[in-house]
Each structure stands twice: as structure tokens, then as C-alpha cells.
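The values are calculated or read from the model by the stated rules, or taken from the named source; none is laboratory data. The shown structure was predicted, so the numbers you read here are calculated from the model rather than taken from an experiment. All Cβ positions, glycine included, derive from the backbone under ideal geometry; neighbour counts span all protein chains shown. Calculation scope for accessible area: heavy atoms of the full protein, side chains included, ligands and nucleic acids excluded. Shrake-Rupley method; radii C 1.70, N 1.55, O 1.52, S 1.80 Å.
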Amino acid sequence: MTVMNSLRQWVRESIRIIEADFQRSADTHLIPLELPGLPGVELYFKDESSHPTGSLKHRLARSLFLYALCNGWLKPGAPVIEASSGSTAISEAYFARLLGLPFIAVVPASTAKEKLAQIAFYGGQSHLVDDPTQIYAESERLARESGGHYLDQFTYAERATDWRANNNIAESIFQQLRFERYPVPSWLVSSPGTGGTLATLGRYVRYRQHETRVLCADAERSVFFDSYVSGDRSLTLDCGSGIEGIGRPRVEASFLPEVIDAMVKVPDALSLAAMHYLARRLGRRVGASSGTNLIGAIMAGRYMLKCGERGSMVALLCDSGERYATSYYDAAWLRAQGFDLEPLIAAVEACAEHGAPLPGTLAQAGLG
Ligand SMILES: *Cc1c(COP(=O)(O)O)cnc(C)c1O
């Protein structure tokens, strides 16, 4: 009989702890949202805010920890480090605490205070960086100097998740649609932070031989849309995104344009207006990227109508709005940023409920 060395035993016990946590968890809901302005198109939101740590990053964090453990990259007592705009760090702090590992989040100084409080709640430390484009280099430095491990979500998100199935977000959506009128959705709509969710969705529908197309809704201050259109992966911006969780100043390694069928670029004000509209319709606050996704879904839905198609669509509800009480949901904050959302909220409502066109012309690729 061979005896496992103590590191292997620690890895085995760590994986057991994460799997046991998963076993105690329930799946996230799929919520229908009626859109009378898009007759024949049925929209659902996959509500990722109902994970224990409040966002779709719960799935990613679990995958990244399992991937790092199975690769032999984590050691008892060695710090775990991540570059994050907040949501990933919250979920990773949760898993680091489960395993008894120190956790350090390298986050832009502009990150919502509520998110920093959540990281601390799960026992994580936040290391603030003034320039959001410096979070990567700073994470590498901290890992090197502390003997810790930099999880690097932006590189590994696309490969840490089992894209064929294993209860990933795509498999869950298709399971939950089984008894609907249109069980195979015409469109799946998501927005890019790491790009990992879009990679899982795009690969899964190909692997399962579905006709479902994947639409990526990008934020205003982000390079993904221009890179998708031009094919140039070297594009950069010198500022962070206005929509927390999505939009990046560089083309992240996990962003895989080949599995995306269409892209739209949504102005921040319109994302925020759609977020407020969605919150009113659902009776609870949602995050801004869910607003971006609603606009993406409306554009895909209007394209379906133009083509004479009927069917279903699923968009992601990425996180709850409680994290943004002092920003996106604060009238004084919105005013100080120069946003006047009420007319835009009315325009989103007119579009969703009466079929009016969206205000302005949105940049898009792949929607005819
Ligand atoms: C990360 C994130 C996204 C995008 O998901 P990815 O899989 O990283 O592309 C969308 N919304 C929020 C709030 C996020 O935190």
C-alpha cells in the first residue's frame, strides 16, 4: 500500500471540502420576464445573484480553486492572490476561508465599498491600486514576494470550467428550459469580464450541436467590441470600465471571439437605465451588467422579429444591486456622474413593452 504524502492528503481534503459545499448548494433560478414589445420572443434571466456569494463569480471561484488544487498550485498556509474588480474576489475569499488559506484581493481603488466590505466579511484582505490597469502586475509581484499563488482569473477562466457539462451554467440553463415552449433558446446573452462565461456558453452549444447563438454585450469603456470587429488583440485603454464586473482595458486571454456569434456595445447610461427598469420589473435591485445584458437581449429579440423568428432567449442576471446602493442606486451619485436616467428608463420601457426602437444607434456586429 502506498502512503500519500501530506501535501496530497491536504489537496484531497481541500477538494472534499469544496465538493461538500457544492453538495449543500442549490441551483440558481431561471426567471421569465415578459416583453410585450417583442411578441413571440420569450426572455428568461438566469439569476446568478442567488449563489452564496451573490454573483456568477461563485461558479468561477469554485472552478479556479479546484483547477489550482488539481494542478498542485496551492499549498497549506500559502496566500492566494487575485486581480479583481471585486465580485471574483468576494467569491474567492469565501473559498479561501473554507480551506483556511490567507486571501489577498488586488482591486482598483474605485471598487464599490460594499464589495470591499464583503471581501473582508469572508476574511480576505484588499490591496487597493489607484490605476486599474496595474492590478495584474501588482498581483504577480505580491505572489512572488509572499510565496503565494496568483489565481489569474483573466487567463484561466476559459479553461478552469468544464465546458462539456458537469453542471456548468450552460447545462443548467438547458436543463431548466426543458419544459418551456421553446426549450432550445435562439440566443444566450452575456457580457464580458474575463470572457469565461461566454466561452463556456459558446463551446457548450457547439458541443451539444444546438443552433443557439451567443450574443456578447460589451460595456462602453472596454476593448472587447473593437477587438471583436478588428481581430486586433493588442488593443488597450488607459481607464477602467464604468460598469462593474464587465468591460476591460485589455483583451483578456479568456475572451474567445470565435465562439461568439454577435456583439453589441452598450453605452453606460443605457446599461444603467436598463438596470433600473429591470429592477422595477423584478421588484428588487440587480447589478448594472444585468442591464447591459437586457439591452443585448432586446437587440437580439428585435433581430429575431425582423427575421420573422419566434423563440426563447436567456440573459444573465450576474449579481444583485445591493452591492451598488451607494452608487448606481444613489440619486446623488448618479447626478454627480452627470447621468439623467429617467428619460432613458422610459425609453427602455417603451421598447420592452411597446416595441419602440432603442434610443440612439448602438454599435453591433452579427445582427444583420
Ligand atoms: C464577472 C462578471 C461578469 C462577466 O462574467 P465573465 O464570465 O467574467 O465574463 C458580468 N457581471 C458581473 C457583475 C461580473 O462580476
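Once all protein chains are placed together, ARG280 keeps about 140 Å² accessible to a 1.4 angstrom probe. Using label points projected 7 Å from each Cα along Cα→Cβ, tell me how many nm separate ASP340 and SER146, to one decimal. Each label point is offset 7 Å from its Cα along the Cβ direction, giving 4.7 nm. For the pair ALA350 and SER230, a Förster radius of 30 Å applied to the C-beta separation gives a FRET efficiency near 0.35, rounded to the nearest 0.05. Placing unit charges on the Cβ atoms of the charged side chains and taking the dipole of the chain about its Cα centre, the candidate lying farthest along the positive direction among SER191, PHE22, CYS216 is PHE22.
If you average 1/r across every pair of different Cα atoms in segment 49-99 and take the reciprocal, what Kirkwood value do you get, in Å?
Details: mean 1/r = 0.0895 Å⁻¹.
Across segment 49-99, the inverse of the average 1/r is 11.2 Å.
Summarising the label geometry, the points placed 7 Å from Cα in the beta-carbon direction at LEU7 and LEU282 lie 4.3 nm from one another. Against the main long axis of the alpha-carbon atoms of the chain, helix 268-282 sits at an angle near 90°.
Can you give the translational diffusion coefficient of segment 57-157 in µm²/s, computed by Stokes-Einstein from the Kirkwood radius over Cα pairs at 4 °C and 1.567 mPa s? Taking Rh from Cα pairs, D becomes 100 µm²/s.
Relative to the dominant Cα principal axis of the chain, helix 87-99 is inclined by about 30°.
The per residue volume of the convex hull around the alpha-carbon atoms of the chain is 140 Å³. What is the angle, in °, between the Cα long axis of helix 288-306 and the longest principal axis of the Cα atoms in the chain? Nearest 10 is fine, range 0 to 90. It works out to around 40 degrees.
Here the label points at GLU34 and ALA253, each 7 Å from Cα along the C-beta direction, are separated by 4.8 nm in the simple model. Note on the chain: GNM, Cα springs under 10 Å; of HIS276, HIS58, HIS149, the largest mean-square fluctuation is that of HIS149. Taking Cα centre as origin and charging only the Cβ of basic (Lys, Arg, +1) and acidic (Asp, Glu, -1) residues, the dipole magnitude of segment 57-157 rounds to 380 debye.
When the charge dipole of the chain is built from unit charges on Cβ atoms (+1 for Lys and Arg, -1 for Asp and Glu) and taken about the Cα centre, the candidate among PRO52, THR155, HIS127 whose Cα reaches farthest toward its positive end is PRO52. Of VAL107, VAL129, VAL286, the residue with the greatest mean-square motion in the GNM of the chain, using alpha carbon springs below 10 Å, is VAL129. Could you work out the helix-only [θ] at 222 nm for the chain, with each DSSP H run of four or more residues adding -39,500 (n - 2.57) and the total divided by the number of residues, to the nearest 500 deg cm²/dmol? Calculated at 222 nm, the ellipticity per residue is -13000 deg cm²/dmol.
Note down the magnitude of the dipole of the chain about its Cα centre, charges +1 on Lys and Arg C-beta and -1 on Asp and Glu C-beta and zero elsewhere, to the nearest 20 debye. Before the final figure, lay out each step's value.
Numbers: 36 positive and 40 negative charges, 177 e Å.
The calculation lands at about 860 debye.
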